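Asks: Below is a structure I'd like to ask you about.
The values are calculated or read from the model by the stated rules, or taken from the named source; none is laboratory data. Since we're looking at a predicted model, the values are computed, not measured. A quick note on method: Cβ atoms are made from the backbone with ideal geometry, for glycine too, and the neighbour counts reach across all protein chains shown.
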Amino acid sequence: MADLFQLSNLAATDVAGNGPGSGPSLDTGDMRRKFNFGDRVSELAIPQDPFFRFVSKVGKKPTDDPQFKFTEKRNSWHKRYGYVIAHGAAKPGAVTDEATVAAGLLDQGDTYYFAMGSDYKSNGNIQTVYGNTANDVMVLATGTQPAFFLPGQLVKIPYGVGASFSGGAISAVTGYVVGKVEEVDLNAISEAAVLKCTIVKGEALEVELAAYHGATDAINAQDLSSMSVAETLEPKRSYVVGTAHAEGSGYPETWKDQPYSTNYGRTQIWKTTCAMTNTARATSLKYDSNEWARVWKEKLVEHKFDIESSLLFGQQSDTHYTTQGVVDYVSTYGNQFSLDIATKTADDFLDDMSNYMDPRYNYSSATVYFVSTAVYNWMHKLGGYFKNNLEISSNMRADFAMSGKKKVYGVDITTFSTPYGDMNVARNIHLDGTNVKMLGVNMKYANYRPLVGNGINRDTSVYVGVQTLENSGIDRRVDLILTEAGLELSMPECHALWT
């Protein structure tokens, strides 16, 4: 029976001499007609497969290569910052084990040297992602030299007065100095830029530079992926805050970034077979009159169910020709948070949202949150409690509240209002029983890539043939539902995973 499902064994429907118009060369079995069900398949049993539904509706992007390539672009306009990794009153002394700058060294008009390192690779602007240690970019790592510092720039350098440090974290930032860059040396310290600055806005007191303290607490000795950007890293960063040039000083130096990086994905072939005897097809049954129609519909849903599971949990392989699932991609490249519904509070969850929706890295609002049944119920309890029990009027709302329900492409969406915008939440039963509690996917950067080229469309196509079993003389109709497509995900800072 196994041979029944092999395309190579499909025989001709018509035999020479049988039927009108037949002839010795007629072989309609080998002229199987192809039916394309690419859009129709996503219409079946919509709530079961919300992720596939979304990518097939808003992110379908055909490819003509089973190993497709794509490019990611990360802007640099918000990344002109550095961390002080060394400093001194003279250039030869710009390496020190102390964050302390003695009183009187940062007065207005003084000259002071700051060595700056960065925490992202300038080739592609690829940075550390919060909560993910797999691709941590350490300060002063290869390829992180900040080449954007130029003479004539003004640089804001934060400090603390009487501040304390622990593990590279400063207790408080109490002010900043502004230095005008006079010279930039990219060779004095590997992967750093040493700035000779004239102090424009000074500080008379002894200060502690926010980014650097001691050999063990130095910023370049820290794992930044565990640090909140807004609360911990931003106070350490020294930003370019404009330029100041003399009248008639001529054309200044310049720089350009390289914001592009490339990656590739694979298509995967999904096959679902269906077989039926003509006797069964011709028999009228009690509950579902047409058994073939019933099985055919179930097979289409089964096919779509398999695609959804692969797009979620698959791992890209050049050996087995599989596409990468969104869970595998986000766990490797995206933000990661913990979510224990027994202990997680609304405040804790909003802290996660603050890190994930930081506009310096994730400035798109096209995110859909796919959640397990348990988390779906938890969010409704958390977001609905205030509205149902404490709300006085529509003008007095909680920071985390369920604000409505809607259907998007047929998928049920619950909207929760938060200080960081509306969350569009969809229940996804495929996440039940897994370690994934919530999956935040920016649908702007998620694409379903069916293989289409040279007039051939492999997006959920159906190939029809008929086989005659010579032993019994029973005709069996065989339909093969075949899809070849892949998933493309990019911009990892726009995807998050709660486990």
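The rows are residues; the columns are (1) part of a strand (DSSP E or B); (2) at pLDDT 90 or above; (3) out of contact with any Ser or Thr (no Cβ under 9 Å at 6 or more places or on another chain).
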{"site": "D459", "(1), (2), (3)": "no, no, no"}
{"site": "Q467", "(1), (2), (3)": "yes, no, yes"}
{"site": "E484", "(1), (2), (3)": "yes, yes, no"}
{"site": "L497", "(1), (2), (3)": "yes, yes, no"}
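Asks: Another question, if that's okay. Given the condition in contact (Cβ under 8 Å) with a residue 12 or more places away in the chain, out of contact with any Cys (no Cβ under 9 Å at 6 or more places or on another chain) and part of a strand (DSSP E or B), answer yes or no: does some residue in region 276-296 qualify?
Replies: yes
Asks: Yes or no: Q324 free of Cβ contacts under 8 Å to residues at least 24 places away in the same chain and in contact with a strand residue (DSSP E or B) (Cβ under 7 Å, 6 or more places away or on another chain)?
Replies: No.
Asks: What pairs can you find where one residue is in region 436-459 and under 16 Å from F70 (Cα atoms), the other is of a type in the set (G, A, S) and crowded, with 24+ Cβ neighbours inside 10 Å, and their Cβ atoms are less than 7 Å apart, with a gap of 6+ or different chains?
Replies: Short answer, once both residue conditions are applied: Y448/S56; Y448/A485; R449/A485; R449/G486; P450/A485; L451/A485.
Asks: A further question follows. If Y239 passes every condition in (1) exposed (fewer than 14 other Cβ atoms within 10 Å of the Cβ); (2) outside the structural domain of G314 (by TED's automatic domain parsing); (3) over 30 Å from T63 (Cα atoms) but one, which one does it miss?
Replies: The number of the failed condition is (1).
The rows are residues; the columns are (1) in contact with a Gly (Cβ under 7 Å, 6 or more places away or on another chain); (2) closer than 24 Å to S461 by Cβ; (3) among the aromatic types (F, W, Y); (4) surrounded by 15 or more Cβ atoms within 10 Å (Cβ to Cβ).
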| position | (1), (2), (3), (4) |
| --- | --- |
| Y260 | yes, no, yes, no |
| I269 | no, yes, no, no |
| C274 | no, yes, no, yes |
| R281 | no, yes, no, yes |
| L285 | no, no, no, no |
| D288 | no, no, no, no |
| A293 | no, yes, no, no |
| K304 | no, yes, no, yes |
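Asks: Still on this structure, I have one more. For region 174-218, how many residues meet the condition of being at positive phi and at pLDDT below 90?
Replies: Selection size over region 174-218: 1.
Asks: Checking T254 against (1) assigned to a loop (DSSP other than H, G, I, E, B); (2) touching a Phe, Trp or Tyr at 6+ places or on another chain (Cβ under 9 Å), which single condition isn't satisfied?
Replies: If we test T254 against (1) assigned to a loop (DSSP other than H, G, I, E, B); (2) touching a Phe, Trp or Tyr at 6+ places or on another chain (Cβ under 9 Å), just (2) comes out false.
Asks: What are the residue pairs meeting all of these: first residue in region 54-81, first residue within 30 Å of I219 (Cβ to Cβ), second residue surrounded by 17 or more Cβ atoms within 10 Å (Cβ to Cβ) and among the small types (G, A, S), Cβ atoms under 7 Å, and 6 or more apart or on different chains?
Replies: Hits for this filter: E72/S490; R74/G124; Y81/S238.
Asks: Conditions first: (1) among the aromatic types (F, W, Y); (2) out of contact with any helix residue (DSSP H, G or I) (no Cβ under 8 Å at 6 or more places or on another chain); (3) modelled with pLDDT under 90. Y376 passes all but one, so which condition is the exception?
Replies: (3)
Asks: If you don't mind, another one. Condition first: out of contact with any helix residue (DSSP H, G or I) (no Cβ under 8 Å at 6 or more places or on another chain) and either among the β-branched types (V, I, T) or at positive phi (or both). Now tell me which residues in region 409-433 satisfy that.
Replies: Within region 409-433, I413, T415, G421, G433 meet the criteria.
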